[in-house]
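The values are calculated or read from the model by the stated rules, or taken from the named source; none is laboratory data. Only a predicted model underlies this, so the values are computations on that prediction, with no experimental measurement involved. For neighbour counting, all protein chains shown are included, and Cβ atoms are generated from backbone atoms with ideal geometry for every residue, glycine included.
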Amino acid sequence: MCGIVGYTGAQQAAPILLEGLTNLEYRGYDSAGIAVINNKQILVSKVTGRIANLCERTNDGKSCPGTVGIGHTRWATHGAPTDTNAHPHMSNNGKFAVVHNGIIENYMNLREELINNGYHFESQTDTEVVVHLIEMYYNGDIKKAVKRTLARLEGSYALGVICADEPEKIYVAREASPLILGIGIGENFFASDVTALVQYTRNVIYLDDGEFAEITPESIKIFDCAGQQIKKKINHINWDIQAAEKGGYEHFMLKEIMEQPRAVKATISPRIKDNEIVLDETDLSVDYLKNIKKIVITACGSAYYAGCAGKHAIEKLCKIPVQVELASELRYSDPLIDERTLLLVISQSGETADTIAAMKECKRRGAKTLAIVNVVGSTIANLADHVLYTWAGPEIAVATTKGYTTQLAVLYLFALHAAKKLNRIDEQRYDNLLKVIKTLPKRIQEVIDMNPSIPKLAKKYHKHSSMFFIGRNTDYAIALEGALKMKEISYIHAESYAAGELKHGTIALIDEHQPVIALCCNDSVMEKTMSNIVEVKARGAEVLAVTFRNNQKIVSLADDVIFIPQVEPLFSAVVEIIPLQLLAYYVAKENGCDIDKPKNLAKSVTVE
Ligand code: F6R
């Protein structure tokens with residue numbers, strides 16, 4: 001995720017910006033830059049790679065003198081991680097510089113309009129449209145130019161803007177991306193994250209969506225979207241730096257679980273235009289899709305389990321057979337793959353060695369490759385014929401959460417989009433399912449809000465040394481990921497099992513020492529799974545069921561129930577997994593585990 005910081009006051013701005021950016025390093029980034037106003041001129045310095053390179057380039061800020069400035073760490077989304085794509089971005093006349101977090105969804109249209117108006121673009125970023133719009137609307141009043149620009153933007157943003165003609169002012173704006181104003185004495189700040197500010201001030205104002213502000217050394221004026229000045233509460237931060245990095249959460253994993261509504265929204269919403277899924281990034285033609293014999297999904301770990309859930313959606317909607325293969329197996333299996341196979345490669349990091357090897361093998365056999373990846377410019381993204389990025393932002397906890405759910409979101413978009421292209425779904429069902437996809441971020445938030453008692457359940461279940469996760473069909477795909485989460489962070493043995501398969505041997509293990517987590521969110525197999533609950537209860541197991549909020553029948557069967565909002569089963573994994581992530585998290589916490597860095601695991605597995 002990008003980080004932004006800004007300063008206006010009496011001190012030299014550049015060292016403060018560099019310090020602030022250094023404090024944001026933990027968020028992950030691939031390039032960084034600062035812009036400072038000096039004698040009514042904007043000096044910009046930006047580099048690919050570490051902040052240390054930027055410190056070296058600017059002689060620790062000394063080569064960028066000036067007391068007003070903005071800084072940025074970039075996590076590439078639109079355009080590769082290069083010096084040119086790094087922020088701040090400058091207007092053509094050199095009077096304005098902008099830093100931006102978020103995604104401007106309508107940037108293509110704006111870019112075209114600006115080019116037609118004679119503006120030229122240096123970078124491939126979505127952000128650059130903002131600075132040119134400000135230049136276009138500026139006629140001596142920066143506030144007016146910013147306000148008009150904001151009215152043109154669709155998507156999410158935390159913005160910082162400086163203007164050489166009004167050298168003490170910084171303008172900032174927020175829409176669906178965090179932005180905090182820091183209040184000093186004779187100086188003021190802004191940042192995307194309190195971590196960048198706590199060493200300078202602990203008095204902060206949180207901007208809300210649709211608000212913008214003018215910051216000078218002596219004042220902070222905040223406006224609503226109509227430009228009316230408003231009053232906001234000043235908050236005092238008493239977190240230490242470490243807690244601030246985690247946004248006040250105890251662990252990155254919990255922070256990342258809570259970020260999922262935003263991450264899934266960021267992944268979905270730029271790809272829905274006028275009630276239509278638009279996957280510009282892929283250009284898979286109808287003829288190509290009609291001609292393929294099968295889709296093979298390959299990945300490792302949670303990404304593989306996302307594929308298992310995605311298979312149901314793709315097969316049901318597109319009527320194309322889907323095979324999900326572990327990358328470490330596929331490579332050595334002499335696979336039946338040729339040019340009539342579409343290979344979907346799923347990876348958060350884009351650097352997993354087994355996945356890369358499997359992908360190369362399938363490419364060699366003629367398959368076209370479509371990668372679902374979180375890291376722009378990663379090896380898998382570079383190798384693939386087409387890429388659909390998950391816009392989850394950097395994931396810091398080793399165990400994936402938002403990486404997994406955003407992979408599911410992309411798989412759902414792909415399934416519904418391809419079904420429409422192939423004419424295998426009628427308009428009505430397409431519209432209904434698209435509505436379901438659009439509401440998924442809200443459903444995720446609801447499931448988080450509905451379940452404050454998960455820590456209490458964790459206190460009950462954490463003492464067991466082994467547990468089972470059961471489900472059928474789409475519920476089984478989620479059981480796989482739920483059990484993995486439990487194993488990797490709590491070190492409790494957890495086995496995922498297709499509920500109907502238990503009786504073929506494994507039920508011998510079920511007794512009062514084996515709690516069973518039963519997933520019951522798919523109407524078509526609900527009754528069957530409920531029978532399996534009865535079977536395991538009869539053998540003494542305690543049962544914790546996860547089901548839809550209106551399924552009261554299950555209350556009399558299970559010992560404990562976690563309710564989730566009702567969601568179309570084809571897309572329910574993205575909601576159903578949330579309580580399982582939280583359960584694993586709180587169980588691991590009860591057991592005193594190192595949650596963000598579980599033993600024996602690495603975030604990116606670059607060895608075979
Ligand atoms: C589990 C987890 C791993 C990864 C797997 C693949 O929480 O994070 O199982 O899913 O190592 O990693 P990527 O997605 O980076 O290819």
message = Considering only segment 322-334, I want to know if a residue exists there that is within 13 Å of the ligand (Cβ to nearest atom), over 20 Å from L279 (Cα atoms) and not in a strand (DSSP E or B).
response = yes
key: Restricting segment 345-372 to residues that are within 29 Å of the chain's Cα centre (by Cα), closer than 22 Å to A418 by Cα and surrounded by fewer than 20 Cβ atoms within 10 Å (Cβ to Cβ), the residue that is nearest to the ligand (Cβ to nearest atom)   = K363
key: Selection from segment 305-321 of residues that are surrounded by 20 or more Cβ atoms within 10 Å (Cβ to Cβ) and either away from the ligand (no atom under 16 Å from the Cβ) or not assigned by TED's automatic domain parsing to the domain that holds E395 (or both)   = K311, H312, A313, I314, L317, C318
message = For the structure I just gave you, tell me whether I562 is hydrophobic (A, V, I, L, M, F, W, C), under 24 Å from V447 (Cβ atoms) and either at pLDDT 95 or above or in contact with an Asp or Glu (Cβ under 6 Å, 6 or more places away or on another chain) (or both).
response = yes
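Between N423, N382, N432, which is in a helix (DSSP H, G or I), of a type in the set (S, T, N, Q) and more than 16 Å from the ligand (Cβ to nearest atom)? Write out each step before concluding.
Numbers: N423 fails: in a helix (DSSP H, G or I); N382 fails: more than 16 Å from the ligand (Cβ to nearest atom).
Just a single option satisfies the conditions, and that option is N432.
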query = Just a yes or no: is a residue in segment 288-308 outside any strand (DSSP E or B), within 20 Å of L342 (Cβ to Cβ), of a type in the set (K, R) and in contact (Cβ under 8 Å) with a residue 40 or more places away in the chain?
reply = yes
request  = Would you be able to say whether some residue in segment 552-575 is surrounded by 23 or more Cβ atoms within 10 Å (Cβ to Cβ) and within 14 Å of the ligand (Cβ to nearest atom)?
outcome  = no
inquiry  = Testing A399 on (1) assigned to a loop (DSSP other than H, G, I, E, B); (2) closer than 15 Å to I277 by Cα, one condition comes back false. Which one is that?
reply    = (2)
message = Could you list, ordered by first residue, the pairs with Cβ atoms under 8 Å in which the first is in segment 374-392 and outside the structural domain of A353 (by TED's automatic domain parsing) and modelled with pLDDT of 90 or more and the second is crowded, with 20+ Cβ neighbours inside 10 Å and of a type outside the set (F, W, Y), at least 6 apart or interchain?
response = none
note = Out of (1) within 16 Å of the ligand (Cβ to nearest atom); (2) over 24 Å from D596 (Cα atoms), the one L342 does not meet is (1)
task = From I489, I444, grab the single residue that is within 16 Å of the ligand (Cβ to nearest atom), more than 15 Å from A545 (Cα to Cα) and crowded, with 22+ Cβ neighbours inside 10 Å.
result = I489
ask   = From E542, E568, which residue is assigned by TED's automatic domain parsing to the domain that holds M486 and at pLDDT 95 or above?
value = E542
request  = Kindly list, by first and then second residue, each pair from a residue in segment 180-194 that is under 21 Å from K246 (Cβ atoms) to a residue that is among the hydroxyl-bearing types (S, T, Y) and assigned to a loop (DSSP other than H, G, I, E, B), limited to pairs with Cβ atoms under 8 Å and residues at least 6 apart or on different chains.
outcome  = I180/S192; G182/Y200; G182/T201; F189/Y200; F189/T201; S192/S177
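Residue-wise test of (1) under 18 Å from K147 (Cα atoms); (2) over 27 Å from the mean Cα position of the chain (by Cα); (3) surrounded by 18 or more Cβ atoms within 10 Å (Cβ to Cβ).
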{"residue": "S192", "(1), (2), (3)": "no, no, yes"}
{"residue": "V198", "(1), (2), (3)": "no, no, yes"}
{"residue": "T201", "(1), (2), (3)": "no, yes, yes"}
{"residue": "D208", "(1), (2), (3)": "yes, no, no"}
{"residue": "I215", "(1), (2), (3)": "yes, yes, yes"}
{"residue": "Q229", "(1), (2), (3)": "yes, yes, no"}
{"residue": "E245", "(1), (2), (3)": "no, no, yes"}
query = So how many residues does segment 260-282 have that are among the charged types (D, E, K, R) and in contact with a His (Cβ under 7 Å, 6 or more places away or on another chain)?
reply = 1
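Condition check: more than 30 Å from F571 (Cα to Cα), under 28 Å from the mean Cα position of the chain (by Cα) and not hydroxyl-bearing (S, T, Y). Does A266 satisfy that?
In short, no.
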inquiry  = Test of understanding: among T298, T352, which residue is polar (S, T, N, Q) and modelled with pLDDT under 95?
reply    = T352
ask   = Considering segment 259-302 alone, what residues qualify as being within 16 Å of the ligand (Cβ to nearest atom), within 14 Å of Y389 (Cβ to Cβ) and among the hydrophobic types (A, V, I, L, M, F, W, C)?
value = A263
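Within segment 246-274, track down each residue that is outside any helix (DSSP H, G or I) and in contact with a helix residue (DSSP H, G or I) (Cβ under 9 Å, 6 or more places away or on another chain).
The answer is K246, G247, G248, Y249, E250, H251, E259, I272.
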query = Which members of segment 33-45 meet the condition of being modelled with pLDDT under 95 and within 25 Å of S378 (Cβ to Cβ)?
reply = none
key: Index of the failed condition, G79 passing every other in (1) on the phi > 0 side of the Ramachandran plot; (2) crowded, with 19+ Cβ neighbours inside 10 Å   = (2)
message = Restricting to segment 1-28, name every residue that is surrounded by 24 or more Cβ atoms within 10 Å (Cβ to Cβ), outside any helix (DSSP H, G or I) and aliphatic (A, V, I, L, M).
response = M1, I4, V5, L24
query = Can you name the residue in segment 398-420 that is of a type in the set (A, V, I, L, M, F, W, C) and within 16 Å of the ligand (Cβ to nearest atom) and is also surrounded by the fewest Cβ atoms within 10 Å (Cβ to Cβ) among such residues?
reply = V398
